[in-house]
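S.K.: Have a look at this one before I ask anything.
The values are calculated or read from the model by the stated rules, or taken from the named source; none is laboratory data. Computed from a prediction, not measured in an experiment: that's the story for all the values here. Note that each Cβ is placed from the backbone with ideal geometry, even for glycine, and that neighbours are counted across all protein chains shown. Each accessible area value is taken on the protein alone, full model and side chains, heavy atoms only, with ligands, DNA and RNA left out. Shrake-Rupley method; radii C 1.70, N 1.55, O 1.52, S 1.80 Å.
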Amino acid sequence: MAMAMRLPVARKPLSETLGRDTKKHLVVPGDTITTDTGFMRGHGTYMGEEKLIASVAGSVERVNKLICVKALKTRYSGEVGDIVVGRITEVQQKRWKVDTNSRLDSVLLLSSMNLPGGELRRRSAEDELAMRGFLQEGDLISAEVQAVFSDGAVSLHTRSLKYGKLGQGVLVQVSPSLVKRQKTHFHDLPCGASVILGNNGFIWIYPTPEHKEEDTGGFTANLEPVLLADREVMSRLRNCVVSLVTQRMMLYDTSILYCYEASLPHQIKDILKPEVMEEIVLETRQRLLEQEG
């Protein structure tokens, strides 16, 4: 029986030229950000002895006169319009509780979703009794943030046919700070798989459907067996996402696709080896820098 043995090695520092445009002002709690009193205090900061001090570990972001600290590792705090992937945790009266990686469970109201077939009418008692037939505990859904309450809880809606119950695929959980905000978070990649990059740090990888279901209202999950070639593509994409997260690189369609292409010379199981991971992420970072010019 063949056995692979690995010995610890010192990690090689990245080239200085790769970080010339990506260096960030990193702070830890208690660090002084600035002594200039002309700045406004934002999230993750507080005033002390006429100095602006960081209250969380993260990177300093400036927007005009506003200074805030974006935490490197944090729970998801919702914003209206965000795309999220969540898991149903409880079925209640006229609502579902959804785990969206935030401090509190999110809420999906029965009135905030399409009925099967996209039918437009008032929700009746029969609909309330059939709620568990629509979505039950453990189901994964994609949704959009409709409102944020004062305590930080999030209200969701799935009133578009692109949202709804998710079928077969792979879920990867990452830090929300690593998901880049874009105009769209639904991407059909040319490698034969699609990804939903949830702003809450839940990444859903699934085989690209041959035809879009437009008459189901987002309640029927395709449970047909997935072809081996599609499963291999999904597994490779999953390992690429894990590699990018390990190296603290932002996740968006271009970075994932470049990482996928860089990993093609390697077997799927070898992608998570530290030296291979470093090699493909380094190549991905170089291609992104070349693209940015």
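S.K.: Take the residues of segment 276-286 that are without any contact (Cβ under 8 Å) to a residue 60 or more places away in the chain and more than 22 Å from the chain's Cα centre (by Cα): which is surrounded by the fewest Cβ atoms within 10 Å (Cβ to Cβ)?
M.R.: This residue is GLU283.
S.K.: Right, next: Contact list please: Cβ distance under 7 Å, first residue in segment 255-268 and free of Cβ contacts under 8 Å to residues at least 24 places away in the same chain, second residue part of a helix (DSSP H, G or I), pairs at least six apart or on different chains.
M.R.: Cβ pairs passing all conditions: HIS266/VAL276.
S.K.: Can you confirm whether segment 85-104 contains a residue that is open to solvent by 50 Å² or more (accessible area, probe 1.4 Å), farther than 16 Å from LYS162 by Cα and modelled with pLDDT under 85?
M.R.: No; the residues of segment 85-104 include none that is open to solvent by 50 Å² or more (accessible area, probe 1.4 Å), farther than 16 Å from LYS162 by Cα and modelled with pLDDT under 85.
S.K.: What tally of residues in segment 154-164 results from selecting those that are modelled with pLDDT under 90 and not β-branched (Val, Ile, Thr)?
M.R.: The number of residues fulfilling the criteria is 6.
S.K.: Starting from segment 62-85, keep only residues that are in contact (Cβ under 8 Å) with a residue 24 or more places away in the chain and over 20 Å from PHE186 (Cα atoms), then list their pairs with residues that are of a type in the set (Lys, Arg) and surrounded by 11 or more Cβ atoms within 10 Å (Cβ to Cβ) whose Cβ atoms are within a distance under 9 Å, requiring at least 6 positions of separation or different chains.
M.R.: LEU66/ARG41; ILE67/ARG41; CYS68/ARG41; CYS68/ARG62; LEU72/ARG248; ARG75/ARG103; SER77/ARG103
S.K.: Is it true that some residue in segment 205-225 is part of a loop (DSSP other than H, G, I, E, B) and modelled with pLDDT of 90 or more? First the steps, then the outcome.
M.R.: Restricting attention to segment 205-225, the residues satisfying the condition of being part of a loop (DSSP other than H, G, I, E, B) are 208-225.
Adding the requirement that they be modelled with pLDDT of 90 or more leaves none.
No, there is no match, as no residue in segment 205-225 is part of a loop (DSSP other than H, G, I, E, B) and modelled with pLDDT of 90 or more.
S.K.: Only one of GLU61, GLU79 is closer than 18 Å to SER177 by Cβ and surrounded by 15 or more Cβ atoms within 10 Å (Cβ to Cβ); which?
M.R.: GLU61
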